[in-house]
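Nothing in this text is a laboratory measurement; each read-out follows from the coordinates by a stated rule. A quick note: this is a predicted structure, and the numbers were derived from the prediction, not measured. Ideal geometry is used to build each Cβ from the backbone, glycine not excepted, and the neighbour counts take in all protein chains shown.
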Amino acid sequence: MVHSGHHFVAIFGGAVAGSEAAHQLASRGFRVIVFDQNVLPYGKIEDGLPKWHDKLRDKEEQRINEKLSHPNVRFVPLATLGSKVDFEDVVNNWGFSAVLLATGAWKDRPLPVDGVDEYINQGLYYQNPLMYWFNHYHEPNYQGAHFEIKDEAIVIGGGLASLDVVKLLMIENVQKALRDKGHEVDMFTLDRGINKVLDNLGYTLQDLGLKGCTLFYRRRDIDMPLSPLPTDTPEQLEKAQMVRKKIMENFLKKYLFHFEPCWAPVEKVVDGDQLTGVVFQKTKIESGKVVSVPGQQKEFKSSLVISSIGSLPEKIPGIPSKGATFEIEENNCCKLVGFDHVFALGNAVTGRGNIKESMQHGKETALDIMDHHLQWQEEDYENWLRGSEDSVKEQISGIADQIARKQFISPEVIQRILDKTEAMQQDVGYPGDFSEWVKMKLPVRLEQMLEDAKE
Ligand SMILES: Cc1cc2nc3c(=O)[nH]c(=O)nc-3n(C[C@H](O)[C@H](O)[C@H](O)COP(=O)(O)OP(=O)(O)OC[C@H]3O[C@@H](n4cnc5c(N)ncnc54)[C@H](O)[C@@H]3O)c2cc1C
């Protein structure tokens, strides 16, 4: 019989992947400590999923709350692995049976243009901090960085997140321009279709003095990774391409931005200390690959360039990495190379591959659903999240078996871990009860503020 209560597991990151792992292990009787760098363990749900998805956010956060409320799980907020908690210390000295990394992917993939990062906040923004600001700036006590949104921005991307960025820009600009004309329209109304709002008020974008932003993509609309449809046969591919084209047409119609397909960024355009544009290389798609069209480069000017080309795991001192992700052993539950009890979960390592896999096998999204942008996007996000959970579930059963085979840890070590984590909790004012902490710390929601303003 396995005495799993004699094993203690540390999980870093408590969001979709970390909370699922905690829940799985706690249900098997293991003791678990979840450390998160933030006050609340909601990761991409809170800071990456745009705030117009308020219902999906609340639902997903509730799932995380339930998982972390298991009596075998203890939560430690504001405990960043790599700074507040040292990786080598936790792995070598704390005495955990296993350490799991579920820290996600928070570093923006660098824009592949030489020297362009010198212009961050001087004409260049990256998607992750921009979305963080957008999700939180309405909070009365917001103290993070501020972002200045301008018209005619260049957005470089092509995936779902880059469409969120163009929407954010259009919503912000239109809302401000309408306010200048004396119309107060909230973000949720604009989310349902900027075209409708303007039609109802009898304006065009031009009347508001706006031109709209432009999304630049190295491929075509029919190549966008926008719908989880299978593409194994030529017929399936054709159908998926038709759906993608339709999604994009809908999106352009509703949010009034521009789309420039088949351009890859190659060079920066600068003026003094400001980025003022980007030189793009014309591309074409040949047998599914992006190929440059020789002699066709063009300069596009803009005082705001936003890069939205994906996210990578942040490097953490002491953790071996290979290329952009943590270095893991092949075929062994994502065990970190060089360690016998450290495993990486979710987007921190497998992310894309596994998630894609489970999306491929997911339910086929019907064409008519595509007519309702809101639905397809919520559904896509939900698919992603369930895919993440499923891959963690699969991984955990292998990891749990490996942990169960390890020596029990002594009562003294268990007590030491409990004492240390309690001290960390007290340090940050954590009351010891997860749901109480959530009540204390959940940010003020925009929908609540709008509701209160009505009364
Ligand atoms: C807006 C959005 C975009 C998405 N884009 C993609 C995509 O492009 N590709 C894809 O495959 N999936 C994507 N997904 C799916 C999504 O990333 C996964 O399904 C899931 O949200 C990832 O969960 P996670 O727990 O692995 O990571 P996260 O939600 O990122 O959670 C990581 C947690 O770890 C914590 N943490 C991070 N670093 C540390 C540290 N050093 N110490 C302690 N704690 C730490 C964070 O605070 C956070 O709570 C997207 C989801 C959303 C909502």
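Values for this structure:
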item	result
Two-decimal log10 I(q)/I(0) for the range 274-344, as the Debye equation yields it once each C-alpha is a single scatterer, q = 0.17, 0.19 Å⁻¹	-0.80, -0.84
Where labels lie 7 Å past Cα in the beta-carbon direction, separation of S27 and R63 in nm	1.3
Net lengthening on full extension, K176/E422 (0.36 nm per residue, minus Cα-Cα)	83.9 nm
Part-to-part distance (alpha-carbon centres) for the range 241-263 and the range 269-289, which is given in Å	20
Cα centroid of the range 140-184 to Cα centroid of the range 14-39, whole Å	35
When the range 107-311 is reduced to its Cα atoms, the Kirkwood hydrodynamic radius in Å	18.1
Kirkwood estimate for the range 10-130, i.e. one over the average of 1/r between Cα atoms, Å	15.9
Ratio of the Cα radius of gyration of the range 77-141 to 2.2 N^0.38 Å, where N counts its residues	1.60
Span from the the range 112-134 Cα centroid across to the the range 392-429 one, whole angstrom	38
Candidate aspartates and glutamates - alpha carbon under 17 Å from K420, same-chain residues fewer than 8 apart omitted	D36, D86, E88, D89, E412, D433
Quotient of C-alpha Rg and 2.2 N^0.38 Å, computed over the range 123-184	1.18
FRET efficiency, 1/(1 + (r/R0)^6) with R0 22 Å, evaluated for I120 and D86 via beta carbons	0.20
Computed lengthening from L201 to K406, 0.36 nm per intervening residue step minus Cα-Cα distance	67.0 nm
Cα-centre dipole for the range 107-311 with unit charges at Cβ (Lys and Arg positive, Asp and Glu negative), debye to 20	600
Estimated FRET transfer efficiency when R0 is 56 angstrom, pair M449-Q415 (beta carbons, to 0.05)	0.80
24 Å Cα-Cα reach of K59 towards lysines, excluding residues that sit fewer than 8 places from it in its own chain	K44, K51, K67, K167, K356, K363, K393, K439, K441
Beta bridges per DSSP with both ends in the chain, % antiparallel, nearest 5	45
Magnitude of the charge dipole, the range 42-149, Cβ model with Lys/Arg +1 and Asp/Glu -1, debye to 20	500
Listed residue pairs exceeding 25 Å between alpha carbons, taken from K84/K107; K55/K254; K239/K301; K211/K245	K239/K301
For the chain, projected area of the alpha-carbon convex hull averaged over all directions, nm²	24.4
Under DSSP loop assignment and at most 10 Cβ neighbours within 10 Å, longest trypsin sites (Lys or Arg not before Pro)-free interval of the chain	1-362
